[in-house]
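A.B. asks: Sharing a structure, written as structure tokens. Questions coming.
The values are calculated or read from the model by the stated rules, or taken from the named source; none is laboratory data. From a predicted model like this one, the values you see are computed outputs, not experimental measurements. Cβ coordinates were reconstructed from backbone atoms using ideal geometry, including for glycine residues, and neighbour counts include every protein chain displayed.
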Amino acid sequence: MRLLKSVGRQTIFPDYHLKVYNKGYMDKGNVLGLENELMVKVYRYRWLVFSLLALGYLFVFFHRLCPAVLAVDIMNELGTSGPVIGLLAASYFYPYALMQLPAGLLSDSWGPRKTVTVFFVLASIGSLIMAVSSTIFWIIVGRTLVGIGVAMLFVPTMKILAEWFHHTEFAYMTGILFAVGGIGSLIAASPLVWLTAQIGWRNSFLVISGITFVIAILIGIFVRNRPSEFGWPTPVAASHVSDVSIGLMEGIKIVLSNKKYWPLFIWFFCDYGVFVSFGGLWGGPYLIQVYQMSKAEAGKILSMIAIGMGVGSLTLSYLSDNIFKKRKPVLILSTAIMLVITGVLFIYPAQIAVIWLYIIYFSVGIFSGATVVIGFTMNKELFPIQMAGTATGLINLAPFMGGAVLQPLLGFMLESSGSSQEAYSVTAYQSAFLILLIATIIALFASLFTKETLKFSESG
């Protein structure tokens, strides 16, 4: 029985033997002892690589959603308006979207590990600027640097994981990654509320800056781009490795000319725009100003979004792979549920019982935040594996363009609808939620025009 096949200097393990090695069973009579030992090291060390990158991704989500908690404090101290706070939140998303293609380029030229390390240091500097700034202008500058910095983690992480994990494990690992991101959202809710109550929002940003810097250093020290940097073999299966390379411009042309790509792009734009506009910014002030909740009470409800993301990232992947055995039905069903949720928020903005607020926020986490796992999987399955970086970078433009557009738009709607006693009225929030409802309707129509990709992927 042959356990290994050699391709050049790489040792390739067939799929069924991955299970053997993961369980720790090794037929030493049929493999070289050295290769056996090295692969065991790969399978152990890759979890350290994944853990550090996942920790970084946790803070990507933390940075993304913390304005929902801090917005009211910043507005009160600096006397800013809703549109300005919307711009502050969106100043994360504009650079995040624009940096997706450069992330792929730098990953190829510098290497993904160096790219993540350098730009996470930049994100740390951005948080430091936000902590010490006395004007909203410099806080927006700091927020922009944070957006640029953390934007450079996702695509490099996908590139690194593709080197350390077998292709059959990739979707599952992506689901775990997004679940960890949900934990970051959770930390950006109640724990951040508690922290700001203890030390204030400025000192909170100092703490955030320090932790971000430490993560950057840990990634720089321990993460490696591929096992071969240690002289170890790779778990990547030979049958899924192509010798044919596709240049960046050619890859962009292939992606943008694919008609199956654009419904998914529109869905990402609208769905994630709704998610970050509500869960990442205005969902917090809404609870405080309409329902007169304390920040602690609002933080508890906001935390349900993060819990929903964690649950949904794994549950929706399981439903797609094992129950429906399709991607598209999960996408449509999730978006339809979000249509109901945004409809309820629009029609009954001030009449929702507290228990239903918990359920709504939890559902937003599942059916808007976590559903992007299915979207990214569909996008990956539309294109050849050697184009995965380009395809991921291009589709990742959409959600953050959506956030960059919808967050300030909701702020404008709130401001134009009037306020009283430094709080926006129920009517103002109802006008803002109309935007969310319209965006969800567009997302649902877009989901209907997406193409099923699971069978396409299986057929090669």
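A.B. asks: Restricting attention to the range 245-300, which residues are within 22 Å of the chain's Cα centre (by Cα) and of a type in the set (Phe, Trp, Tyr)?
C.D. replies: The answer is Tyr261, Trp262, Phe265, Trp267, Phe268, Phe269, Tyr272, Phe275, Phe278, Trp282.
A.B. asks: Consider Lys114 against the criteria (1) surrounded by fewer than 20 Cβ atoms within 10 Å (Cβ to Cβ); (2) of a type outside the set (A, V, I, L, M, F, W, C); (3) modelled with pLDDT under 90: it satisfies all of them except one. Which criterion is unmet?
C.D. replies: That leaves (3) as the condition not met.
A.B. asks: For the structure I just gave you, tell me whether Thr174 is buried (at least 24 other Cβ atoms within 10 Å of the Cβ), among the β-branched types (Val, Ile, Thr) and in a helix (DSSP H, G or I).
C.D. replies: no
A.B. asks: Failed condition for Trp356, given (1) within 21 Å of Phe433 (Cα to Cα); (2) surrounded by 15 or more Cβ atoms within 10 Å (Cβ to Cβ), with all others met?
C.D. replies: (2)
A.B. asks: Quick check on Ile74: is it assigned to a helix (DSSP H, G or I), over 20 Å from the mean Cα position of the chain (by Cα) and crowded, with 24+ Cβ neighbours inside 10 Å?
C.D. replies: no
A.B. asks: List the residue pairs whose Cβ atoms are under 8 Å apart, where the first residue sits in the range 202-231 and is more than 29 Å from Ala189 (Cβ to Cβ), the second is assigned to a loop (DSSP other than H, G, I, E, B) and of a type in the set (Gly, Ala, Ser), and the two are 6 or more positions apart or on different chains.
C.D. replies: Here the result reads Asn225/Gly111, each pair linking the range 202-231 to a residue that is assigned to a loop (DSSP other than H, G, I, E, B) and of a type in the set (Gly, Ala, Ser).
A.B. asks: Next question. If I filter the range 418-460 down to residues being closer than 20 Å to Lys259 by Cα, polar (S, T, N, Q) and part of a helix (DSSP H, G or I), which single residue comes out as modelled with the highest pLDDT?
C.D. replies: Here the residue is Ser447.
A.B. asks: Could you tell me whether Gly82 is crowded, with 19+ Cβ neighbours inside 10 Å and touching a strand residue (DSSP E or B) at 6+ places or on another chain (Cβ under 9 Å)?
C.D. replies: yes
A.B. asks: I'd like to verify a number: residues in the range 99-111 that are within 19 Å of the chain's Cα centre (by Cα) and either surrounded by 20 or more Cβ atoms within 10 Å (Cβ to Cβ) or modelled with pLDDT of 90 or more (or both), how many?
C.D. replies: Residues meeting the conditions: 5.
A.B. asks: Answer yes or no: is there a residue in the range 270-290 that is among the acidic types (Asp, Glu) and at pLDDT below 90.
C.D. replies: No, the range 270-290 contains no residue that is among the acidic types (Asp, Glu) and at pLDDT below 90.
A.B. asks: On to the next question. For Thr117, indicate whether it is assigned to a helix (DSSP H, G or I), in contact with a helix residue (DSSP H, G or I) (Cβ under 9 Å, 6 or more places away or on another chain) and hydroxyl-bearing (Ser, Thr, Tyr).
C.D. replies: yes
A.B. asks: Any idea how many residues of the range 140-156 are in a helix (DSSP H, G or I) and at pLDDT 90 or above?
C.D. replies: 11
A.B. asks: Okay, next question. Taking Gly283 as meeting all but one of (1) farther than 17 Å from Gly182 by Cα; (2) surrounded by 22 or more Cβ atoms within 10 Å (Cβ to Cβ); (3) in contact with a Leu (Cβ under 8 Å, 6 or more places away or on another chain), write down the number of the exception.
C.D. replies: Of (1) farther than 17 Å from Gly182 by Cα; (2) surrounded by 22 or more Cβ atoms within 10 Å (Cβ to Cβ); (3) in contact with a Leu (Cβ under 8 Å, 6 or more places away or on another chain), only one is false for Gly283: (1).
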